[in-house]
Amino acid sequence: MPLDRHTIADWLRKATYVAEEVYSAPYRSAIARAKRDEDDLFMLMVFSEMMGVPNPASYYTLELQPLLLERFHDWHKRMGMEHSPLDHFKCC
Amino acid sequence: MSAIVLMLVGLGGLALGFIFYSKFIAEKIYQLDPDFKTPAHEFEDGVDYVPTNKFILWGHHFTSVAGAAPIVGPAVAVIWGWGPAFLWVILGTIFFAGVHDFGAIWASARNKAKSMGALTGDVVSARARSIFMIVIFLVLLMVNAVFAVVIAGLLISYPSAVLPVWGIILVALLIGQLIYRQKMNLMAVSIFGVIALYALIFIGPSVPLEMPSEVGFLSGTATWIIILFAYAFVASMLPVWVLLQPRDYINGIQLFIGLGVMYLAVLLLNPSMVAPMVNESVPEGTPSMIPLLFVTIACGAISGFHGLVSSGTTSKQLNKETDARFVGYFGAVGEGTLALAAIIAATAGFATLAEWESLYASFGAGGVGAFVEGGAYIISGGLGLSQEVSATLLAVMACLFAGTTMDTGVRLQRYIFQEWGQIYGIDWMKKNIPATVLAVGACMLLAFGAGGPDGDGGMLIWPLFGTTNQLLAGLTLLVISVMLVRLGRPMIYTLVPLVFLLVMTISALLVQLVDFYNDGNWFLLFLDVVVLVAAILVALECTSTLMRLRREAKTQES
């Protein structure tokens, strides 16, 4: 096989893939869990006003609510609430 | 005798074990099925369950199980001569460790990738699960204490290693930031990391940082032990991506480079075995070889800790069931080669027998220091590096392996305390800081309790650490045996190692019990009794389970 630029580039791509797998795979779940914890806290901040916790940034977080609605159901389940805790809209 | 001969015989034996024995176990005993849907496919989620290429998976598995323990154990055990240590490492790897590690992956993959602790509960009994948890707690306690003592000893003996050992922590912190914040290419970062590591090692000898022999009312060793636990306290609280992940990665690279350098140097220098094959004149106070050899070398021959890695993480990423043979058995073979390198370094790397004997003046005295001295002699002779740089290279390697294990160990210990807080409803124990304080405090108590206020004698707990590690392996072997019996397959290949381990650990504990009593070492006597109780519980559990299985088989027949 001639050693041209493409084979070297190809080889480098493969090596990078292997290195990335070696680097990230053992810690994937620990990092995903940590990220989820942070996201959960963020959800609480965004929806705090609706649960009676005053939030000085509610003017901004209100805009985020529709964007985060998709995750809302999983979040309240994870937080130990069987059904949506909000009065105005129910997701389940 | 030439060290090359020993090296080739050892590596050849391991290769034959992998080619023939593991094939037999895979086909006839575990009966691996290439069409079996592994948990990685069944529950694929991109996070925990990810089908992974078998070579990459082997890389993770090997680097997670290989650490400082397969270096320290053999280096201590060659006090009885290189012959016994060599045989136990090679035969142990082939017939014990390989079957155990491979079996743990298989057992877990066949049970929805559950962890070994959970499996013990499901397959054996809820009581066995509790014993498993107690043994894990003891293993973690001892591993953290003993590794702090090992690193402190190395940093005192090799001031040239101080700068690289602590400097690499800064490099790792930087790598973590570059990867996650700057999204830099990993290959570039890897090259930077390796260059930084070896640059630090080359600079080390010119900048020796010596710890004064007395710091206030503390000895130098004690000061290092306290600093190391302070480090472990902080490091174990950081998110994994900040420090642990890049450190682990650098260690992985270092492991391969270190192994390559050692074996290449042995080939080029061809040293002869200076130490005797069987040491007839062991120093006074050395315990009898049987049974102590089998607990002094745990990692490198068989180690229960591998079962935790196999069942917790590796089994969730297994692409095909048939990969388990390569990942598990060859992972154990990898660790065997590290232990073999340690044996060769600690017995062949000396000019005269008198020099070797002066290092092994008492039991536990040679150990990792002899590995560094002997290894440095071989590397400097074989590759032409200076003696100082070679010694720094090996001291740093051992320190970094042990340091990462401490970080992980303290983290796991914290989880255990937090779980207790949850089980018993103790609110403050569920929080990170108090739980870490408890974890570090318990390990420090052990390090100083066993080693005295100067912390010098901490290596005395090494055989006890090996014992608990073997008990853990015994429990895993029990789980595999029970599964095999229920499937109607022969259990002799796991039962013989299990019985051997139980006999050796219990007799080692009894021998040590008498020794500690004679020395008036009440702290270690107490610890020995605790481990002995756990060992007897494990033995009883094994007996009752096997009796139950026989009854089950009989009722089925009738």
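The values are calculated or read from the model by the stated rules, or taken from the named source; none is laboratory data. The structure presented is a predicted model; accordingly, all values stated were derived computationally and were not measured. Every residue, glycine among them, receives a Cβ derived from its backbone with ideal geometry; neighbour counts consider all protein chains shown. We work out accessible area using only protein heavy atoms, side chains counted, and drop any ligands, DNA or RNA first. Shrake-Rupley method; radii C 1.70, N 1.55, O 1.52, S 1.80 Å.
Counting only residues that are under 20 Å from B:Phe401 (Cα atoms) and open to solvent by less than 10 Å² (accessible area, probe 1.4 Å), which one in segment B:300-313 is nearest to the other protein chains (Cβ to nearest Cβ)?
So, considering only residues that are under 20 Å from B:Phe401 (Cα atoms) and open to solvent by less than 10 Å² (accessible area, probe 1.4 Å), the one nearest to the other protein chains (Cβ to nearest Cβ) is B:Ser310.
Of the numbered conditions (1) without any contact (Cβ under 8 Å) to a residue 24 or more places away in the chain; (2) part of a helix (DSSP H, G or I), B:Val47 satisfies every one except a single condition; which is it?
(2)
Does B:Val72 satisfy being of a type in the set (A, V, I, L, M) and over 23 Å from the mean Cα position of the chain (by Cα)?
Taking the combined requirement at face value, the residue does not satisfy it.
Please state which one of B:Ser558, B:Ser481 is over 23 Å from the mean Cα position of the chain (by Cα) and at pLDDT below 90.
The match here is B:Ser558.
When you scan segment B:479-495, do you find a residue that is exposed (fewer than 15 other Cβ atoms within 10 Å of the Cβ) and part of a helix (DSSP H, G or I), even just one?
Scanning segment B:479-495, I find at least one residue that is exposed (fewer than 15 other Cβ atoms within 10 Å of the Cβ) and part of a helix (DSSP H, G or I), so the answer is yes.
In segment B:267-299, how many are under 16 Å from the mean Cα position of the chain (by Cα) and open to solvent by 20 Å² or more (accessible area, probe 1.4 Å)?
1
Being open to solvent by less than 40 Å² (accessible area, probe 1.4 Å), at pLDDT below 90, assigned to a helix (DSSP H, G or I) and at the interface with chain B (Cβ under 7 Å from one of its Cβ atoms) narrows it down to one of A:Ala15, A:Ala34, so name that one.
Only one candidate passes the filter, namely A:Ala15.
Can you run down the residue pairs with Cβ atoms below 9 Å, 6 or more apart or on separate chains, where the first is in segment B:80-97 and modelled with pLDDT of 95 or more and the partner is open to solvent by less than 10 Å² (accessible area, probe 1.4 Å) and among the aromatic types (Phe, Trp, Tyr)?
Once the first residue is modelled with pLDDT of 95 or more and sits in segment B:80-97, its partners that are open to solvent by less than 10 Å² (accessible area, probe 1.4 Å) and among the aromatic types (Phe, Trp, Tyr) give B:Ala97/B:Tyr329.
Could you please give the count of residues in segment B:188-246 that are more than 14 Å from chain A (Cβ to nearest Cβ) and not in a helix (DSSP H, G or I)?
Looking only at that region, the number is 13.
Yes or no: segment B:254-275 includes at least one residue that is part of a loop (DSSP other than H, G, I, E, B) and farther than 20 Å from B:Gly12 by Cβ.
Taking every residue of segment B:254-275 in turn, at least one turns out to be part of a loop (DSSP other than H, G, I, E, B) and farther than 20 Å from B:Gly12 by Cβ.
Could you please find all residues in segment A:37-54 being open to solvent by 30 Å² or more (accessible area, probe 1.4 Å) and assigned to a loop (DSSP other than H, G, I, E, B)?
A:Gly52, A:Val53, A:Pro54
Among the candidates A:His83, A:His76, which residue alone is open to solvent by 90 Å² or more (accessible area, probe 1.4 Å) and either within 21 Å of the chain's Cα centre (by Cα) or more than 10 Å from every other protein chain (Cβ to nearest Cβ) (or both)?
Checking each option against the conditions leaves just A:His83.
Just to check your reading of the model, which residue among B:Pro434, B:Pro463, B:Pro453 is surrounded by fewer than 23 Cβ atoms within 10 Å (Cβ to Cβ) and either in contact (Cβ under 8 Å) with a residue 24 or more places away in the chain or polar (S, T, N, Q) (or both)?
B:Pro453
Go through (1) over 16 Å from the mean Cα position of the chain (by Cα); (2) assigned to a helix (DSSP H, G or I); (3) aliphatic (A, V, I, L, M); (4) more than 14 Å from chain B (Cβ to nearest Cβ) one by one and return the number of the condition A:Leu67 breaks.
(1)
Restricted to segment B:22-56, and to residues that are within 14 Å of chain A (Cβ to nearest Cβ) and of a type in the set (Ser, Thr, Tyr), which residue is farthest from B:Leu318 (Cα to Cα)?
Among those residues, the one meeting the criterion is B:Tyr49.
Just give me the residues in segment B:104-140 being open to solvent by less than 10 Å² (accessible area, probe 1.4 Å) and not hydrophobic (A, V, I, L, M, F, W, C), in sequence order.
Those that are open to solvent by less than 10 Å² (accessible area, probe 1.4 Å) and not hydrophobic (A, V, I, L, M, F, W, C): B:Ser108, B:Gly117, B:Thr120.
With respect to B:Leu353, is the statement that it is closer than 30 Å to B:Trp241 by Cα, among the aliphatic types (A, V, I, L, M) and either out of contact with any strand residue (DSSP E or B) (no Cβ under 9 Å at 6 or more places or on another chain) or surrounded by fewer than 24 Cβ atoms within 10 Å (Cβ to Cβ) (or both) true?
Judged against the criteria, B:Leu353 is not a match.
Name the one entry in B:Leu218, B:Leu264 that is modelled with pLDDT of 95 or more and either under 30 Å from B:Asn518 (Cβ atoms) or surrounded by fewer than 21 Cβ atoms within 10 Å (Cβ to Cβ) (or both).
B:Leu264
Considering only residues that are touching a helix residue (DSSP H, G or I) at 6+ places or on another chain (Cβ under 7 Å) and open to solvent by 60 Å² or more (accessible area, probe 1.4 Å), look in segment B:512-528 and name the one that is modelled with the lowest pLDDT.
Looking at residues that are touching a helix residue (DSSP H, G or I) at 6+ places or on another chain (Cβ under 7 Å) and open to solvent by 60 Å² or more (accessible area, probe 1.4 Å), I get B:Phe523.
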